[in-house]
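A short write-up of the structure that comes next.
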Amino acid sequence: MGHEVQYILESKRMVWLVAVVFAVIIMFQYFEFPYGDVASSFFSTSRAEPPVSGSYPPQASSLLSGPLGNTTRFDGSNITTPVGLLEKGGHAENENDIQLESNRDAGDSSIGENDLDAACPPPISLAPVTPPMVVSDNLTIENGMQSETNRETDDSTLKQKDSGAASPPSSSVALPQPTTVNRTVISPSSAVGIKRSEPHIDAPNLGPNVKGLGTIQNNPAVSPGESSVKKIPPAKEVRKIPMGDVVTMSDMHEILLQNRATVRSMKPLWFSTVDQELVEAKMQIENAPLADHDRVLYPPLYRNVSKFKRSYELMERILKVYVYKEGEKPIFHQPQPVLTGIYASEGWFMKHMKESKHFVTNDPKQAHLFYLPFSSRMLEEKLYVTGSGSRDNLVQHLKDYLHLIAGRYDSWNRTGGSDHFLVACHDWATDETKKSMNTCIRALCNSDVKREGFELGKDVSLAETYVRSSQNPLRELGGKPPSKRSILAFFAGQMHGDVRPILMQHWENKDPDMKIFRKLPKSKGNRNYINYMKSSKYCICPKGYEVNSPRVVEAIFHECVPVIISDNFVPPFFEILNWESFAVFVQEKDIPNLKNILLSISKRRYQVMQQRVKRVQQHFLWHVKPVKYDIFHMILHSVWYNRVFRVNPF
């Protein structure tokens, strides 16, 4: 009995001793791990890290509002959005939009807006648990015949497949504070696939003076006799397209998403609050709330109406553009000579951009974008030597201008030109700018996806518009209702390029339903041409020397369904608009079967497409004073949209 009592007492002493030792260890851990939980730090294999003190600029977040999704900000704090708002923004068209052939009304009456809404009821929103799909009524052409397919996939669904690049990565490292950096002038490179770590390559010496542009101010980073313009390679190689293939609309969309997921502009040499504003804008666009019932924006016209609506709202709220003052008229800063004719888009955009009090800032440090205000049409008219066969002097003039800008401003240096943009409609502009200005966002009418230099996701397809009156750009707007359009298809024009002669060979004076002509006899105000467009169901838009044609926008202007015959043509606002919902695309090889392709489109389907042409028309109209969602704002939005999705955060 005595032994048992002694054993119990000794056991109690051991328990107390263990307790005291444990208490001492706990106190030691408390002082050793002041930032974390004591118990967890005791049992953890690694020490808890102290909280990050970031340098997140508060003024950036104050400019943006709305859902940001479950995201870790640069300062380590979490921003949470209800799950129901994530990965929404697409839409599913109701199957009644395009009825089965056996149920279609065979009557000859046309449908109005109310009938269209009945045929195309409001889109159905899908549950957020499953990646949303968009059921669309795209038209594909196989073996010369038109078939209706449901193949469109929502932007957000496809982006989930592209390396998870839908939102910028979170960071646990404090953002660098703005620092003073020695000015090193950087310019773009036309090289593709070169690693960023390779040394910069000096561009040819442009000399200290630029004739017609002024004298470059002294740049301390440039030694005497050395060019101030240096090259920087892109981050990654974009997807290469086989030269023998025709790139379809779905192929282009896939390339766009792939480029957007894998290619970024160069990281800024130093941090600015505008960088953070762009990063936050991207997150808000990616997590845009559903906008399927907007009264102005009709969802079937867009790839993702929710993202477009949110992006447009952010552009209106925060975007600031700096317009460079350098450059002499008429090549720079003079839109008036190019307000009419087929190059009018660059003239009208320059006019509205320079006059804008909403978007333009006089402080380069506040700018998200920088506009290079030159006219490619005036560059050709004033400098090209007729019959010379050489455009070297035009290219050199733009290089000199860039040299001037890079020598005077830190803005080009900071981003290598990736936040600079130009708007040029002349066919030559793609080649003239692909070397010295290739890192810029280029809005180009000549938007050939297979042409060297045009990059989906960076460059923008500019709508080529034929403006007949600078005082009234909306003159002759509209056309006859579908029931009074007696002509199946119409084309008239000069024999530019190799596609139009083939069109003439097969359809000129061959069929009374196919009004296919060469150039029409002259008439006052081109009345014959306009009347044909107003009276035709389909307006044929074949390529000329290049892929672009003003007939695409002319057809929309006169409410005629455009039939685009131009392989590898990137249509305007491709990032935003679902072109196959209101236009027909025919491959060049299928010209002999053109009539059968058009006749295979049911009457009901044509009526839906024609009504959609009327709805999308607002995005292709120039106004004396810009209005919301018009072509000026759409061009600016495409530039803004591409910049946001290519921003390279710290």
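The set of residues from the stretch 636-650 being crowded, with 21+ Cβ neighbours inside 10 Å and in contact with a helix residue (DSSP H, G or I) (Cβ under 6 Å, 6 or more places away or on another chain) comprises 637, 640, 641, 644, 645, 647.
On inspection, residue 419 does not qualify as at negative phi, acidic (Asp, Glu) and open to solvent by 10 Å² or more (accessible area, probe 1.4 Å).
Reported count of residues in the stretch 240-260, each being at pLDDT below 90 and in contact with an Asp or Glu (Cβ under 9 Å, 6 or more places away or on another chain), is 2.
Among the residues of the stretch 321-331, none qualifies, meaning not one is part of a helix (DSSP H, G or I), buried (at least 19 other Cβ atoms within 10 Å of the Cβ) and in contact with a strand residue (DSSP E or B) (Cβ under 6 Å, 6 or more places away or on another chain). For the stretch 427-468, name all the residues that are assigned to a loop (DSSP other than H, G, I, E, B), among the β-branched types (Val, Ile, Thr) and farther than 21 Å from residue 264 by Cα. Answer for the stretch 427-468, where residues must be assigned to a loop (DSSP other than H, G, I, E, B), among the β-branched types (Val, Ile, Thr) and farther than 21 Å from residue 264 by Cα: just 465. Residues in the stretch 587-627 that are β-branched (Val, Ile, Thr), open to solvent by 10 Å² or more (accessible area, probe 1.4 Å), touching a Phe, Trp or Tyr at 6+ places or on another chain (Cβ under 9 Å) and over 17 Å from residue 536 (Cβ atoms): none. For first residues located in the stretch 384-398 and within 19 Å of residue 435 (Cα to Cα), partners that are open to solvent by 60 Å² or more (accessible area, probe 1.4 Å) and assigned to a helix (DSSP H, G or I) and lie 6+ apart or on another chain with Cβ distances below 9 Å form the pairs 384/393. The residues of the stretch 296-320 that are in a loop (DSSP other than H, G, I, E, B) and either open to solvent by less than 10 Å² (accessible area, probe 1.4 Å) or on the phi > 0 side of the Ramachandran plot (or both), listed by number, are 297, 304, 319. Just one of the listed residues (399, 365, 351) is of a type in the set (Lys, Arg) and either under 18 Å from residue 640 (Cα atoms) or open to solvent by 60 Å² or more (accessible area, probe 1.4 Å) (or both), and it is 365.
For residue 519, the test of being within 32 Å of the chain's Cα centre (by Cα) and open to solvent by 30 Å² or more (accessible area, probe 1.4 Å) is failed. From the list 503, 462, the one residue that fits, being farther than 16 Å from residue 534 by Cα, in contact with a Cys (Cβ under 7 Å, 6 or more places away or on another chain) and in contact (Cβ under 8 Å) with a residue 24 or more places away in the chain, is 462. Within the stretch 332-348, if we keep just the residues that are among the hydroxyl-bearing types (Ser, Thr, Tyr) and outside any helix (DSSP H, G or I), the residue that is least open to solvent (accessible area, probe 1.4 Å) turns out to be 343. A count restricted to the stretch 526-542 and to residues that are among the basic types (Lys, Arg) and buried (at least 22 other Cβ atoms within 10 Å of the Cβ) stands at 1.
Check the stretch 372-383 and report whether any residue there is within 28 Å of residue 619 (Cα to Cα), of a type in the set (Gly, Ala, Ser), assigned to a helix (DSSP H, G or I) and at pLDDT 95 or above. Scanning the stretch 372-383 turns up at least one residue that is within 28 Å of residue 619 (Cα to Cα), of a type in the set (Gly, Ala, Ser), assigned to a helix (DSSP H, G or I) and at pLDDT 95 or above. In the stretch 500-591, counting only strands (runs of 3 or more DSSP E) that sit wholly within it, the ones holding 3 or more residues that are at pLDDT 95 or above and under 25 Å from residue 615 (Cβ atoms) span 536-542, 561-565. Considering (1) outside any loop (DSSP other than H, G, I, E, B); (2) of a type outside the set (Asp, Glu); (3) within 18 Å of the chain's Cα centre (by Cα); (4) within 29 Å of residue 355 (Cβ to Cβ), say which one residue 260 fails and leave the rest. If we test residue 260 against (1) outside any loop (DSSP other than H, G, I, E, B); (2) of a type outside the set (Asp, Glu); (3) within 18 Å of the chain's Cα centre (by Cα); (4) within 29 Å of residue 355 (Cβ to Cβ), just (4) comes out false.
For every residue, the table says whether it meets (1) open to solvent by 20 Å² or more (accessible area, probe 1.4 Å); (2) within 30 Å of residue 363 (Cβ to Cβ); (3) in contact with a helix residue (DSSP H, G or I) (Cβ under 6 Å, 6 or more places away or on another chain); (4) not small (Gly, Ala, Ser).
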site	(1), (2), (3), (4)
246	yes, no, no, yes
253	no, no, no, yes
257	no, no, yes, yes
261	no, no, no, no
268	no, yes, yes, yes
274	no, yes, no, yes
277	no, yes, yes, yes
281	no, yes, yes, no
290	yes, no, yes, yes
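Filtering the stretch 469-499 down to residues that are among the polar types (S, T, N, Q), open to solvent by 50 Å² or more (accessible area, probe 1.4 Å) and in a loop (DSSP other than H, G, I, E, B), which residue is nearest to residue 526 (Cα to Cα)? Here the residue is 494.
The values are calculated or read from the model by the stated rules, or taken from the named source; none is laboratory data. Nothing here was measured: the structure is a model prediction, and the numbers come from that model. Here Cβ is always computed from backbone atoms with ideal geometry, including for glycine, and neighbour counts include all displayed protein chains. The area values use the complete protein model at the heavy-atom level, side chains included, leaving out ligands, DNA and RNA. Shrake-Rupley method; radii C 1.70, N 1.55, O 1.52, S 1.80 Å.
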